[in-house]
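Below is one structure, written out as C-alpha cells; comments come after it.
The values are calculated or read from the model by the stated rules, or taken from the named source; none is laboratory data. Note that the structure is predicted; figures quoted are calculated from it, not measured. Ideal geometry is used to build each Cβ from the backbone, glycine not excepted, and the neighbour counts take in all protein chains shown.
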Amino acid sequence: MKQASNKKRKSRSGWIMLVLTVIIYLVTASTEPSLAYAALTKSFEVLKMIAPIMLAVMLLMALIATFIKPKGIARHLGEESGLKGWLLALTGGVLSHGSTLVWYPMLSELREHGARDGLIVAFFYARAIKLPWLPVMIGYFGLTFTVVLTFYIVLAAWIQGVLTDRLLQGEHHDKSK
C-alpha cells in the first residue's frame, strides 16, 4: 500500500514541476519576451544534447526489465551483494559518463528491483572521477596527487554508501513487493 502511495506522489510531483515550469515561462514571456525566448532556445539545445543519452538509458532500462529479473538484481546489488555489489557500484560510477540526470530513471528502476540505497549513493559519489580528465589532472597536479585524490574519492564513495545503508536501515522497505 505504501509503495502505491509513493508512486502516486512521484507521478504528481512530475506534473507539478511541469506546470510550474510552464507558468514561469508564461510569466517570463509576458514580461521579458526576449529572455523567455533565450531560455526556451537553451532548453531545446540541452534537450537535443541529452536526447540520445536518454534514449540509450531507456533502451538499457527496457533490456534490464526484459532480461534481468528482480532476484538477479538483488543478488548483484541487493542486501546480500557484499563486496561484489560495492565493486560493481564503484566501478560503474567511475566508468559512467554524461549528465547525472539521465542516470536517475535507470537507477530508480534498479532500486525498485532491490538494489541497495548505499550502492546507488556510492555509484553517484564515484562519478566524481572522470576518466577522460585524469590525464589533464596528472598534467597539472602530477601522478601522485591524482592517484591519492582518486583513492580518497573512491574511499569516500564507499563510506557514503555504508553510512546511507546504516542511516536508512530502519526505513528500508521490501522493494520486491
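Assorted remarks:
- Answer residue from the stretch 78-90, given it is without any contact (Cβ under 8 Å) to a residue 24 or more places away in the chain and in a helix (DSSP H, G or I) and is farthest from I129 (Cα to Cα) among those: G82
- Test: residue in the stretch 63-74 that is within 20 Å of the chain's Cα centre (by Cα) and loosely packed, with under 13 Cβ neighbours inside 10 Å: yes
- Of all residues in the stretch 84-93, none are in contact with an Asp or Glu (Cβ under 9 Å, 6 or more places away or on another chain) and closer than 27 Å to A51 by Cβ.
- Selected residue [under 28 Å from W158 (Cα atoms) and touching a residue at least 60 places away in the same chain (Cβ under 8 Å)] from G98, G114: G114
- Residue among A29, A56 that is in a helix (DSSP H, G or I), modelled with pLDDT under 90 and of a type outside the set (S, T, Y): A56
- Beta carbons closer than 7 Å, at least 6 apart along the sequence or on distinct chains, pair a first residue in the stretch 119-147 that is basic (K, R) with a second that is part of a helix (DSSP H, G or I) and surrounded by fewer than 14 Cβ atoms within 10 Å (Cβ to Cβ) for R127/T100.
- The criterion of at least 1 residues that are at pLDDT 95 or above and loosely packed, with under 14 Cβ neighbours inside 10 Å is met by the following helices (runs of 4 or more DSSP H) wholly inside the stretch 101-177: 143-167.
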